Amino acid sequence: MADFTIYPEKEPSKAARGLAEQVERDGGRVLAVYQEPVGEHWQIFCLLPRAKVEASPYQRDVSPTHAKRLTEAVRRVDRFVDPIVVVSARAGVYWTPNGNHRRVVLEKLKAEFVPAILVAEPSVAFQVLALNTEKAHNLKEKSLEVIRMYRGAEAEQPTSTEEDWAFQFESAHLITLGLLYEQNKRFAGGAFAPILRRVDKFLKTSLRKGLEEREERAALVRAADETLAAVVAKVKKRGINHPYVKNYLLARTTPLTKARKTLPSFEQTFKRLKENLEEFDVSKVRYDEIQRSSIMLAPAAAE
């Protein structure tokens, strides 16, 4: 094996030694094997062949605008100073759960190697996603990332539960929204999020069974959204066209009033919401009310 620095000067873990050897076999170069300063876990600082580094299948899609801006910045300083985090997916393939935009930059610049911090435990890929601050997530990106994590976790640990993955998923409503965004990238997630946050909880069943229930929940939300779209069309027909109209209508028809001490179930909430929307009298809607509501209430998360 090629020489490299070990810090502190003691025997690395078996997993770290094995990965160091794998990096060399894959045509990379190990620069150091070290213990990170918080949990003292062994990690590897290395140069990996660019062609062998891929995006984790769980994270959000690349933003072309952000990738372009980052590429221009790297060109200006004429150097790459921010290593990405990777895990070994299998021999010859490394996934980055944090640093995909930087990986794309190196690809555009035709760099031969990717400076990387290789984490020994592949399962940490899910936790590392929570550290991804390279480009702030919007609601759609975060939801899609969560549902991809969910599918990956379900394939690897089908008997585990949503509660077991609560830290990685962050919030239960992101799972349901992820399914909705998968089918419709323009889904009005920001409008429905305030309701979903209150009634969508982590399931205690296995991920495999949980995914079936999640599909049922997404169908209930989708049905409410279809009804909402019909009501919005009626409002617009009256000459009222405002970007906040969906939020306004949901605020007026939600069955979750502040006065309620106990919340109805997810199913009850969205069935009742759909009924309330069907019964809503659009003749009472005024533009100035919608305008006032859009100013008074906090803006929904970006989609």
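Quick check on my filter: what residues within segment 44-87 are closer than 20 Å to ILE117 by Cβ and either free of Cβ contacts under 8 Å to residues at least 12 places away in the same chain or not assigned by TED's automatic domain parsing to the domain that holds LEU118 (or both)?
Listed by number, the residues that qualify are ALA51, ARG79, VAL81.
Does VAL23 satisfy being touching a Cys at 6+ places or on another chain (Cβ under 7 Å), at pLDDT 90 or above, assigned to a helix (DSSP H, G or I) and more than 30 Å from ILE175 (Cβ to Cβ)? Show your work before the answer.
Numbers: touching a Cys at 6+ places or on another chain (Cβ under 7 Å): yes; at pLDDT 90 or above: yes; assigned to a helix (DSSP H, G or I): yes; more than 30 Å from ILE175 (Cβ to Cβ): yes.
Answer is yes for this residue.
Are any of the residues in segment 166-173 in the same structural domain as THR262 (by TED's automatic domain parsing), touching a Lys or Arg at 6+ places or on another chain (Cβ under 6 Å) and either at pLDDT 90 or above or outside any helix (DSSP H, G or I) (or both)?
yes
Which members of segment 174-190 meet the condition of being assigned to a helix (DSSP H, G or I) and either surrounded by 21 or more Cβ atoms within 10 Å (Cβ to Cβ) or not small (Gly, Ala, Ser) (or both)? Full working, then the answer.
Of the residues in segment 174-190, the ones assigned to a helix (DSSP H, G or I) are 174-183, 189-190.
Hits for segment 174-190 are LEU174, ILE175, THR176, LEU177, GLY178, LEU179, LEU180, TYR181, GLU182, GLN183, GLY189.
Being among the hydroxyl-bearing types (Ser, Thr, Tyr) and modelled with pLDDT under 90 is the filter here, so list the residues in segment 65-86 that pass it. Write out each step before concluding.
Looking only at segment 65-86, we keep the residues that are among the hydroxyl-bearing types (Ser, Thr, Tyr), and these are 65, 71.
Once the filter is applied, which keeps residues that are among the hydroxyl-bearing types (Ser, Thr, Tyr) and modelled with pLDDT under 90, segment 65-86 yields only THR65.
Quick one: which of PHE270, PHE202, PHE266 is aromatic (Phe, Trp, Tyr), out of contact with any Phe, Trp or Tyr (no Cβ under 7 Å at 6 or more places or on another chain), surrounded by fewer than 18 Cβ atoms within 10 Å (Cβ to Cβ) and closer than 30 Å to ALA166 by Cβ? Reasoning before the result, please.
Numbers: PHE270 fails: surrounded by fewer than 18 Cβ atoms within 10 Å (Cβ to Cβ); PHE266 fails: surrounded by fewer than 18 Cβ atoms within 10 Å (Cβ to Cβ).
Every option except PHE202 fails the conditions.
Test THR65 against the stated conditions and say whether it is surrounded by fewer than 17 Cβ atoms within 10 Å (Cβ to Cβ), outside any loop (DSSP other than H, G, I, E, B) and among the polar types (S, T, N, Q). Give the steps one after another, and end with the answer.
Numbers: surrounded by fewer than 17 Cβ atoms within 10 Å (Cβ to Cβ): yes; outside any loop (DSSP other than H, G, I, E, B): yes; among the polar types (S, T, N, Q): yes.
When the stated conditions are applied, THR65 passes them.
Which numbered condition trips up ILE117, out of (1) hydrophobic (A, V, I, L, M, F, W, C); (2) surrounded by fewer than 15 Cβ atoms within 10 Å (Cβ to Cβ); (3) over 14 Å from PRO57 (Cα atoms)?
Status for ILE117: all satisfied but (2).
Restricting to segment 76-108, what's the tally of residues that are of a type in the set (Lys, Arg) and touching a helix residue (DSSP H, G or I) at 6+ places or on another chain (Cβ under 9 Å)? Walk me through how you get there before you give the answer.
Applying the first criterion (of a type in the set (Lys, Arg)) to segment 76-108 yields 76, 79, 90, 102-103, 108.
Now drop any that are not touching a helix residue (DSSP H, G or I) at 6+ places or on another chain (Cβ under 9 Å), which leaves 102-103, 108.
Count: 3.
Quick test for you: out of PHE45, PHE80, pick the one residue that is at negative phi, part of a loop (DSSP other than H, G, I, E, B) and not polar (S, T, N, Q). Please lay out each step first, then the result.
Details: PHE45 fails: part of a loop (DSSP other than H, G, I, E, B).
It is PHE80.
Hey, can you tell me all the residues within segment 228-258 that are polar (S, T, N, Q) and within 11 Å of ASN276 (Cα to Cα)?
Within segment 228-258, the first condition is being polar (S, T, N, Q), and the residues that meet it are 241, 247, 253-254, 257.
Passing the criteria: THR253, THR254.
Restricting to segment 90-107, what's the tally of residues that are part of a strand (DSSP E or B), touching an Asp or Glu at 6+ places or on another chain (Cβ under 8 Å) and buried (at least 17 other Cβ atoms within 10 Å of the Cβ)?
Quick first cut of segment 90-107, residues part of a strand (DSSP E or B) only: 90, 93-98.
Next cut, touching an Asp or Glu at 6+ places or on another chain (Cβ under 8 Å) only: 93-96, 98.
Checking the rest, the ones that are also buried (at least 17 other Cβ atoms within 10 Å of the Cβ) come to 94-96, 98.
Counting residues in segment 90-107 that are part of a strand (DSSP E or B), touching an Asp or Glu at 6+ places or on another chain (Cβ under 8 Å) and buried (at least 17 other Cβ atoms within 10 Å of the Cβ) gives 4.
Take the conditions under 30 Å from ASN138 (Cβ atoms) and surrounded by fewer than 13 Cβ atoms within 10 Å (Cβ to Cβ) and apply them to ASP78. Does it pass? It would help to see each step written out before you state the result.
Working: under 30 Å from ASN138 (Cβ atoms): no; surrounded by fewer than 13 Cβ atoms within 10 Å (Cβ to Cβ): yes.
Answer is no for this residue.
The values are calculated or read from the model by the stated rules, or taken from the named source; none is laboratory data. All figures in this text were calculated on a predicted structure; none of them were measured in a lab. Ideal geometry is used to build each Cβ from the backbone, glycine not excepted, and the neighbour counts take in all protein chains shown.
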